[in-house]
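The values are calculated or read from the model by the stated rules, or taken from the named source; none is laboratory data. On a predicted model such as this, the values are computed, not experimentally measured, just so you know. Positions of Cβ are backbone-derived with ideal geometry, glycine not excepted, and every protein chain shown enters the neighbour counts.
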Amino acid sequence: MDSTLPAVAEELLKEIKKAFQETSHVPDDLLLGLKFIFGPSAVPALDLVDQRSVTRVTSPSGRTAYQVLGSAGKLYTCYSSCHFCTCPAFGFTVLQKSESLLCKHILAVYLSQAMGACQELSVSEEQLTSILLAEEEDEG
Ligand SMILES: [Zn+2]
């Protein structure tokens, strides 16, 4: 896990992972903690995990990106390694206003990792590059 999240958030995600491995269930106290730390992103992120909306895309060289299918059917690309998402909410509430630690998509990526709920997709280097480039063009 990278160090872009506050220690308390990383600790919470670790607790969730542990609890989920033992019981396949996230206990209420950890859910409350999630809502407390991540605010309005917590519940939509859990919904995304429930709907298996998170896909880990890996290329033969080991490069990884995550694609998250948003609630409106749009696909966003997230990088958990550098804590970035291509959605408008990330640009606005996280980068500009610093109101949130992250958007629901990145939180869904972290939660999917903790709960082992990522779909896996292997692509070629070219395919991964085009996924990354398509998103960049979309931004501009
Ligand atoms: Zn996002």
TODO: Taking the options Phe36, Phe90, name whichever one is surrounded by fewer than 13 Cβ atoms within 10 Å (Cβ to Cβ) and outside any loop (DSSP other than H, G, I, E, B).
DONE: Phe36
Open item on the list: If I filter region 111-126 for residues that are farther than 21 Å from Val43 by Cα, aliphatic (A, V, I, L, M) and either without any contact (Cβ under 8 Å) to a residue 40 or more places away in the chain or crowded, with 20+ Cβ neighbours inside 10 Å (or both), do I get at least one hit?
Closed with: no
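Quick check, is Arg52 charged (D, E, K, R), modelled with pLDDT of 90 or more and part of a loop (DSSP other than H, G, I, E, B)? Write out each step before concluding.
Details: charged (D, E, K, R): yes; modelled with pLDDT of 90 or more: yes; part of a loop (DSSP other than H, G, I, E, B): yes.
It is true that Arg52 is charged (D, E, K, R), modelled with pLDDT of 90 or more and part of a loop (DSSP other than H, G, I, E, B).
Being charged (D, E, K, R) and within 15 Å of the ligand (Cβ to nearest atom) is the filter here, so list the residues in region 95-135 that pass it. It would help to see each step written out before you state the result.
Residues of region 95-135 charged (D, E, K, R): 97, 99, 104, 120, 125-126, 135.
Correct list: Lys97, Glu99, Lys104, Glu135.
Given the criteria touching a helix residue (DSSP H, G or I) at 6+ places or on another chain (Cβ under 8 Å) and more than 23 Å from Val8 (Cβ to Cβ), does Val57 qualify? Talk me through it step by step, then tell me what you get.
Working: touching a helix residue (DSSP H, G or I) at 6+ places or on another chain (Cβ under 8 Å): yes; more than 23 Å from Val8 (Cβ to Cβ): yes.
Yes; evaluated as a whole, the condition is true for this residue.
Go through region 1-33 and count every residue that is charged (D, E, K, R), surrounded by 14 or more Cβ atoms within 10 Å (Cβ to Cβ) and within 22 Å of Tyr79 (Cβ to Cβ). Even if it seems obvious, please write down each step before you answer.
Filtering region 1-33 for residues charged (D, E, K, R) gives 2, 10-11, 14-15, 17-18, 22, 28-29.
From the residues that got through so far, the ones that are surrounded by 14 or more Cβ atoms within 10 Å (Cβ to Cβ) too are 10, 15, 17.
Now restrict to residues that are within 22 Å of Tyr79 (Cβ to Cβ): 10, 17.
Total satisfying the criteria: 2.
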- [ ] Answer yes or no: is there a residue in region 63-77 that is part of a helix (DSSP H, G or I) and surrounded by 13 or more Cβ atoms within 10 Å (Cβ to Cβ).
- [x] no
